[in-house]
Structures are given as structure tokens and as C-alpha cells.
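The values are calculated or read from the model by the stated rules, or taken from the named source; none is laboratory data. As the structure is a prediction and not an experimental result, all values here were calculated from the model. Quick reminder, even Gly has a Cβ in these numbers, built from the backbone with ideal geometry, and neighbours come from all protein chains shown. With ligands, DNA and RNA removed, areas are computed over all heavy atoms of the protein, side chains included. Shrake-Rupley method; radii C 1.70, N 1.55, O 1.52, S 1.80 Å.
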Amino acid sequence: LQSTGGSPWTVVLWGAFGGRLDQEMANVNALYRWGGCDQMESLALVGREGLSMLLPPDTDCTLIPDPELESGTCGLLPIGAPASALSLIHISEPTRLLSISYA
């Protein structure tokens, strides 16, 4: 991949969800494989019911759902490595630290 003008690309893949599970997982794999590419500033998978982005490893990220556009929930799926230092802050409950991973 090479962007024109030397600036990194922002890539949005519409229709990434809502089909067969094997197709959706292939899209998630592409996100993992190409999400860290130097030529891309960001890569997003978009569907009617959701948006997925790869969060960079070892980086502090803050996710704030927009209740006017979203349901107010956020799902985290650790792909490639465990997510080991998550802080969840919710108005009705205190901060919780946790770790999630898939075997």
C-alpha cells in the first residue's frame, strides 16, 4: 500500500458486519493484519449495528460512547494478545480494573 502525497490513509470498510460469521471474522482478521500498517492512519470496520477499530497496544485509549448515535455500550474483543489493564468507569459504579483474553 502506498498513499498519494505521502500522508497516511484513513480507511473505512462499510458493510463489514451483518453477514455470515466467517465473513465477519475475516474482516476482523483484516483489521488486525492491516490496522498497524504505517501507511494507514486508521482503519475502521463499519456496519449498521456497530463500528470496530483496532486499539494500539501499550497505549492509553479512552472510549466514550455517544448516546445520541450509539446504545451507550462498548464491547472489547482482545485480538492477538490479552488486554491486561482495563479501567471501566461508569456513573453508577466505581472504577474496576480487569483483564480479558481469549484462549
Against the definition (closer than 23 Å to Ser84 by Cβ and within 13 Å of the chain's Cα centre (by Cα)), how does Ser42 come out, yes or no?
no
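For (1) among the polar types (S, T, N, Q); (2) without any contact (Cβ under 8 Å) to a residue 60 or more places away in the chain; (3) touching a Phe, Trp or Tyr at 6+ places or on another chain (Cβ under 9 Å); (4) within 20 Å of Leu77 (Cα to Cα), each residue gets a yes or a no:
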| position | (1), (2), (3), (4) |
| --- | --- |
| Trp9 | no, yes, no, no |
| Val12 | no, yes, no, yes |
| Met25 | no, yes, no, yes |
| Asn29 | yes, yes, no, yes |
| Gly35 | no, yes, no, yes |
| Gln39 | yes, yes, yes, no |
| Ala44 | no, yes, no, yes |
| Pro57 | no, yes, no, yes |
| Asp60 | no, yes, no, yes |
By my count, strands (runs of 3 or more DSSP E) wholly in the chain with at least 3 residues that are open to solvent by less than 100 Å² (accessible area, probe 1.4 Å) and modelled with pLDDT of 75 or more are 9-14, 40-47
